[in-house]
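J.: Right, I'll just put the structure down here and ask away after.
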Amino acid sequence: YQTQNQEEAHVAHFVIMGCGRVGATLAHTLEDAGHSVAIIDQDDRAFRRLRTGFSGRKVTGVGFDRETMKRAGVEEAYAFAAVSSGDNSNILATRVARETFHVPHVVARIYDPGRAEIYQRLGIPTVAAVRWSADQVLRRILPEQHIAGDFREPSGRLVLAEVDLNPDWIGHPISSIEKAAGIRIAYLTRFGEGMLPAAATSYQDGDTVHAMLNVERSSEIGHILAKSPAKES
């Protein structure tokens, strides 16, 4: 299963809802990286934003409609990004992608930061428009982007990067995650706000974990954290 996941991470199918400036940027970036892409928009004129020669699928329809999503290939999608201009449409589409079609990586763009907490409680990663960039969405749906990291120290050996955790880590202390993976957790993003973990802090559903790690061990660390925690003997 893990090998299959790794292969998918290299050449995978991505579905994007919303062909605005942001959706078009995502589509081009993913296509340039060698992935297959389908982009959904209600207005077929929106597809004019795509460059000449874009080889992905253009699907006209409502992004949270199941038949539209199927035409976009959501059933074999590795990731789904909802980046239309409507918060409600984005969150609804993301929930359908995750709950009906079991897409492993989803992200919703939102304009109202007050809603972020609600969405994160539903386990939907969000990117608030106030600090929005295509890179932030990519980092949530493209695993190799995580390890590209936000910051590298001068020698290039250490990187500050978002790490993905198996849901079974929820409720475990941050210290046990550090120990298992051999990383140092620098900070968490919880309900859209950065926080420094204290000794007693536990990993919660919806947290984004930012860790300093050794670049050479990034693949190994990813495998450790993708598994359930080892049972205490």
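J.: Would the range 1-105 count as rounded, prolate or oblate if I go by the C-alpha gyration tensor, calling it rounded below 1.5 in a/c and otherwise prolate when a/b exceeds b/c, oblate otherwise? Please report the intermediate quantities before stating the final value.
T.: Details: a/c = 1.92, a/b = 1.16, b/c = 1.66.
Oblate, since a/c reaches 1.5 and b/c is not below a/b.
J.: In the full protein assembly as shown, how much of Arg95 is accessible to a 1.4 Å probe, in Å² to the nearest 10?
T.: Counting only protein heavy atoms, Arg95 exposes about 90 Å² to solvent.
J.: Taking the alpha-carbon distance from Lys58 and a cut-off under 26 Å, which lysines remain once sequence neighbours fewer than 8 residues away in the same chain are dropped?
T.: Hits, sequence-local ones excluded: Lys70.
J.: Simple spin-label model, 7 Å along Cα-to-Cβ: Arg21 to Thr52 in nm?
T.: Here the answer is 2.3 nm between the modelled labels.
J.: How big is the range 172-233 by Rg and Dmax over its Cα atoms, in Å?
T.: Values for the range 172-233 (Cα only, Rg and Dmax): 11.7, 36 Å.
J.: Under 5 Å between amide hydrogens, which residues at least 5 positions from Val37 or on another chain qualify, with H placed 1.01 Å from N in the peptide plane?
T.: Phe14, Arg57
The values are calculated or read from the model by the stated rules, or taken from the named source; none is laboratory data. Please read these numbers as outputs of a predicted model, since none were measured by experiment. Neighbour counts are summed over all protein chains in view; Cβ atoms, including those assigned to glycine, are modelled from backbone coordinates with ideal geometry. Ligands, DNA and RNA are stripped out before the accessible areas are found, and what is left, the full protein with its side chains, is counted by its heavy atoms. Shrake-Rupley method; radii C 1.70, N 1.55, O 1.52, S 1.80 Å.
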